[in-house]
Amino acid sequence: MIREAQETDLKELLHLYLYLHETAVPEMTEHLHQTWQSILEDKNHHIIVKLADHRIVSSCVCVIIPNLTRNIRPYALIENVVTHPEHRRKGYATACLHYAKQIAEASNCYKIMLLTGSKQEVTHRFYANAGFNGADKTAYIQWLESAK
């Protein structure tokens, strides 16, 4: 089953993110809960989850960004693509990406973008097999310091 995240999914999703790049589940603070509520209430922010055996095993985020170019068509940005290691190579992340594509198409987006920090060929093949290409654009990133 693939669906958008629900309010009760927060803890399970945070545990899945440990297989992305997080090193610990964040403390359940008011800031975390406010951020979660903001995401759930934002019509342009979609957290897609794949369930297997009633557990979240894969996920991605799809954000629809309003735009003033391309005939005033928005574009979509995908982030936080992750699958639990015990459930990889079963097509779950691909299914999440296809679900994100459906959201983007329904929102009349003219493109979907994603970045990966992985240098592994298997990861690049995965995205290529899911319909993405790494040839049309060049990505640049500037990391910002924490505002602690």
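Brief remarks follow.
- Cα-centre dipole for the chain with unit charges at Cβ (Lys and Arg positive, Asp and Glu negative), debye to 20: 680 debye
- Rg ratio for region 1-75: its Cα radius of gyration over 2.2 N^0.38 Å, N being its residue count, equals 1.26.
- Spin-label proximity, ALA139 to region 85-124 - amide N less than 18 Å from point 7 Å beyond Cα toward beta carbon: 93-101, 104, 110-124
- Relative intensity, log₁₀ I(q)/I(0), of the chain from a Debye sum that treats every alpha carbon as a point, q = 0.10, 0.14, 0.18, 0.19 Å⁻¹: -0.37, -0.75, -1.24, -1.36
- Counting lysine pairs in the chain that sit 8 or more residues apart in sequence, or on different chains, and whose Cα atoms lie under 17 Å apart gives 7.
- Summing Lys and Arg as +1 and Asp and Glu as -1 over all other residues whose Cβ lies under 15 Å from the Cβ of HIS124 gives a net charge of +1.
- Over region 70-144, the hull volume per residue, using the convex hull of the C-alpha atoms, is 123 Å³.
Values in this text are rule-based calculations from the coordinates and carry no lab data. Since the structure is predicted, the reported quantities are computational estimates derived from the model, not experimental observations. In this analysis, Cβ positions are derived from the backbone assuming ideal geometry, glycine residues included, and neighbour counts consider all displayed protein chains.
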